[in-house]
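Colleague: Have a look at this one before I ask anything.
The values are calculated or read from the model by the stated rules, or taken from the named source; none is laboratory data. Here the structure is a predicted model, which means the values were calculated and not measured. All Cβ positions, glycine included, derive from the backbone under ideal geometry; neighbour counts span all protein chains shown.
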Amino acid sequence: MIIDCHGHYTTEPKDLLRWRKEQIEHVKEAAKQPSKASLKVSDDEIRESLEGAQLKLQRERGTDVTIFSPRAMGMSHHIGDYNVSLTWSQLCNEMIHRVCTLYPDNFIGVCQLPQSPGVSPDSCIGELERCVKEFGFVGCNLNPDPSGGHWTAPPRTTSTPIPPRSCSSSWATCSRISPP
């Protein structure tokens, strides 16, 4: 079996991008934030978004399965506050879960964490547990700089031990829930 260990959903359905654009436009006005229910993506739209891209590349390159997560650049942890990041992460993770459900032989899920500058990584544990326990995801993307290069929060790297002290509860959770 040939495993592509690093795939991102770079061809996500257009309505997901529309939803995120609307969320960002109203980032300072919680009452105008789009509801999760306003995102309308059919299974056929997901299939269309993958058939000419990730699935085509799997066939051409001879890979069997891709460990798959949301678009890295689109995570944008620095936009808005924790609640904005949480809602966006949940939607993205649910989209990855739908991909993995439609194509269980081709994709294995990895989640986006709802990181936010200045907020403890411990705030991500609930979403991590949900994705591993409910969706069967095998890992998570832990952004070493949730400030998006603006340096408004300390990075998760530098000279701290591995795992960084600021992430020790997250690592302990990974050990405890034992992702497959």
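Colleague: Scan region 149-166 and tell me whether some residue there is charged (D, E, K, R), at pLDDT below 95, surrounded by 18 or more Cβ atoms within 10 Å (Cβ to Cβ) and part of a loop (DSSP other than H, G, I, E, B).
Modeller: Yes, that holds for at least one residue.
Colleague: Pairs only if they're at least six apart or on different chains, beta carbon under 6 angstrom, first in region 1-25 and closer than 20 Å to TRP88 by Cβ, second of a type in the set (A, V, I, L, M, F, W, C) and outside any loop (DSSP other than H, G, I, E, B); list them, first residue then second.
Modeller: GLY7/PHE68; HIS8/ALA72
Colleague: Restricted to region 54-73, and to residues that are free of Cβ contacts under 8 Å to residues at least 60 places away in the same chain and closer than 26 Å to LYS36 by Cα, which residue is surrounded by the fewest Cβ atoms within 10 Å (Cβ to Cβ)?
Modeller: Residue satisfying both the conditions and the ranking: MET73.
Colleague: Something else: Return a yes/no flag: does region 98-117 have any residue that is touching an Asp or Glu at 6+ places or on another chain (Cβ under 8 Å), more than 18 Å from GLY7 (Cα to Cα) and free of Cβ contacts under 8 Å to residues at least 40 places away in the same chain.
Modeller: yes
Colleague: Can you list residue pairs whose Cβ atoms sit under 9 Å apart, with the first residue in region 78-92 being closer than 13 Å to ILE24 by Cα and the second being of a type in the set (Asp, Glu)? Count only pairs 6 or more apart in sequence or on different chains.
Modeller: What qualifies is HIS78/ASP145.
Colleague: Please give the helices (runs of 4 or more DSSP H) falling wholly within region 1-100 in which 2 or more residues are closer than 24 Å to ARG130 by Cα and not basic (Lys, Arg).
Modeller: Numbers: elements: 14-25, 43-51, 54-61, 72-75.
It comes to 14-25, 43-51, 72-75.
Colleague: Regarding SER76, is this residue modelled with pLDDT of 95 or more, under 20 Å from THR11 (Cβ atoms) and hydroxyl-bearing (Ser, Thr, Tyr)?
Modeller: The answer is no for SER76.
Colleague: A further question follows. Of all residues being loosely packed, with under 11 Cβ neighbours inside 10 Å and aliphatic (A, V, I, L, M) in region 31-51, which is farthest from the chain's Cα centre (by Cα)? Just the residue, please.
Modeller: Going through the qualifying residues, I end up with ALA31.
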